[in-house]
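The values are calculated or read from the model by the stated rules, or taken from the named source; none is laboratory data. Please read all numbers here as calculations on a predicted model, not as lab measurements. All Cβ positions, glycine included, derive from the backbone under ideal geometry; neighbour counts span all protein chains shown. All accessible areas refer to the heavy atoms of the entire protein, side chains included, with ligands and DNA or RNA removed. Shrake-Rupley method; radii C 1.70, N 1.55, O 1.52, S 1.80 Å.
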Amino acid sequence: MSAHQRKIIHVDCDCFFAAIEMRDDPTLAQRPIAVGGAADRRGVIATCNYEARAFGVRSAMASAHALRLCPDLLILRPRMDVYREASQEIHGILRSYTDLIEPLSLDEAYLDVSACTQFNGSATRIAQDIRRRVWQQLRITVSAGVAPNKFLAKIASDWNKPDGLFVITPAEVGAFVASLPVKRLHGVGRVTAEKLDRLGIRTCADLGQWSRLALVREFGAFGERLWGLAQGIDERPVQVERRRQSVSVEQTFDRDLPDLAACEAQLAELLAQLERRIARLEADYRPGKPFVKLKFHDFTQTTVEQVGVGATLEGFTSLLAGAYARGGRPVRLIGIGVRLSSRREQVEQLRLF
Ligand code: TTP
Ligand code: MG
């Protein structure tokens with residue numbers, strides 16, 4: 001094992017938008033559903049559940065076509081704000097393991113857990129724990145891949161999808177890559193795959209027969225990259241999101257809080273935690289609008305924010321009352337936080353005017 005052996009996890013939620021819709025309306029779970037635009041408005045499918053996939057329905061397909069494949073398909077309008085909130089909550093979970101996180105989309109991210117000490121540094125157990133916690137807190141499933149680099153971790157998360165985990169240890173990389181079809185390689189699109197096919201290259205083992213030089217001659221700079229990928233080499237670092245959008249703390253309660261007064265009783269402790277987090281931020285960040293998030297016992301959730309109420313106990317108490325009124329049900333989670341802007345951004349905005 002080399003001195004710089006890394007441990008990378010790739011997480012990717014299963015049929016993300018559709019999973020949220022099924023969670024919020026359990027009557028949808030057994031039937032084929034999709035999230036997307038209406039067929040009579042030339043809409044397309046954003047995603048669909050696995051029941052719908054059995055009929056051949058796919059992301060980016062015209063909704064009208066999807067309905068021909070699966071006449072019983074129920075197509076729901078996207079609720080982006082709900083998906084975005086779920087995504088932020090997942091990122092909150094991910095951040096409890098490491099700050100080395102590269103988000104790829106709302107439902108997907110890489111983590112570099114090489115330096116993590118939790119679970120004795122076992123990336124496999126960290127990945128299991130992430131899957132368990134996402135299910136416990138959000139009631140959606142996430143698949144995960146563990147490998148020594150990004151390209152293999154991403155393939156691994158797809159290997160046992162849905163609700164799966166797949167691990168490629170450093171010792172297994174050679175054998176795993178050898179049987180891998182070249183079209184699964186990062187950066188190999190349709191055109192390159194066709195060209196590789198014409199050259200008789202279908203798997204990475206075929207690719208491995210070629211010298212580095214010969215690949216560079218055929219594919220230019222990408223040939224170099226192909227050569228590396230065929231050996232299971234991918235040095236791309238996990239690139240951390242540069243700017244934080246908000247800082248928040250939240251708590252899931254073992255027993256649901258029955259009413260508003262019980263929720264209010266938790267605020268002082270949460271605010272103390274939030275203040276500690278704000279104090280640790282780089283000086284460049286400036287706290288902005290406060291917000292309160294509530295998740296009710298049926299897993300529906302709501303977030304309320306308001307300019308001018310202040311990140312104070314009074315401000316959060318007033319936001320909490322507003323959020324609670326939207327649900328009026330027992331509460332399983334309370335989150336409080338503030339949106340952030342940076343001083344630099346503010347200076348730049350001033351310059352524009
Ligand atoms: P994906 O992770 O690609 O798909 P998915 O999570 O729905 O399914 P899978 O189990 O295969 O991971 O994308 C995440 C979300 O992004 C998806 O739920 C909807 C949205 N999306 C689109 O809106 N349009 C698209 O073409 C794709 C691919 C995704
Ligand atoms: Mg996904």
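Quick check: is even one residue across the range 270-286 assigned to a strand (DSSP E or B) and assigned by TED's automatic domain parsing to the domain that holds ARG326? The answer is yes, given that some residue of the range 270-286 is assigned to a strand (DSSP E or B) and assigned by TED's automatic domain parsing to the domain that holds ARG326.
Those residues that are open to solvent by 30 Å² or more (accessible area, probe 1.4 Å) and either within 16 Å of ligand 2 (Cβ to nearest atom) or assigned by TED's automatic domain parsing to the domain that holds LEU333 (or both), I need them from the range 89-106; list them, please. Passing the criteria: PRO103, LEU104, SER105, LEU106. Taking the conditions (1) under 30 Å from LYS295 (Cα atoms); (2) open to solvent by less than 10 Å² (accessible area, probe 1.4 Å); (3) away from ligand 2 (no atom under 16 Å from the Cβ) in turn, ILE45 satisfies each one other than (3). Condition (residue is open to solvent by 70 Å² or more (accessible area, probe 1.4 Å) and in a helix (DSSP H, G or I)) applied to the range 250-264: is it met by at least one residue? The answer is yes, given that some residue of the range 250-264 is open to solvent by 70 Å² or more (accessible area, probe 1.4 Å) and in a helix (DSSP H, G or I). Annotation for the range 188-203: at least one member residue is more than 21 Å from TRP159 (Cβ to Cβ) and of a type in the set (Ser, Thr, Tyr). If you go through the range 131-161 and keep only what is part of a helix (DSSP H, G or I) and either within 15 Å of ligand 1 (Cβ to nearest atom) or aromatic (Phe, Trp, Tyr) (or both), you end up with ARG131, VAL134, TRP135, LEU138, PHE151, ALA153, LYS154, ILE155, ALA156, SER157, ASP158, TRP159. Checked against (1) among the hydrophobic types (A, V, I, L, M, F, W, C); (2) crowded, with 16+ Cβ neighbours inside 10 Å; (3) out of contact with any His (no Cβ under 6 Å at 6 or more places or on another chain), ALA153 passes all but a single condition, namely (3). Comparison of ARG53, ARG23, ARG84, ARG58 shows that the only residue that is within 16 Å of ligand 2 (Cβ to nearest atom), open to solvent by 20 Å² or more (accessible area, probe 1.4 Å) and in contact with a Lys or Arg (Cβ under 7 Å, 6 or more places away or on another chain) is ARG23.
Against the numbered list (1) in contact (Cβ under 8 Å) with a residue 24 or more places away in the chain; (2) farther than 27 Å from LEU104 by Cα; (3) open to solvent by 60 Å² or more (accessible area, probe 1.4 Å), LEU213 comes up short only at (1).
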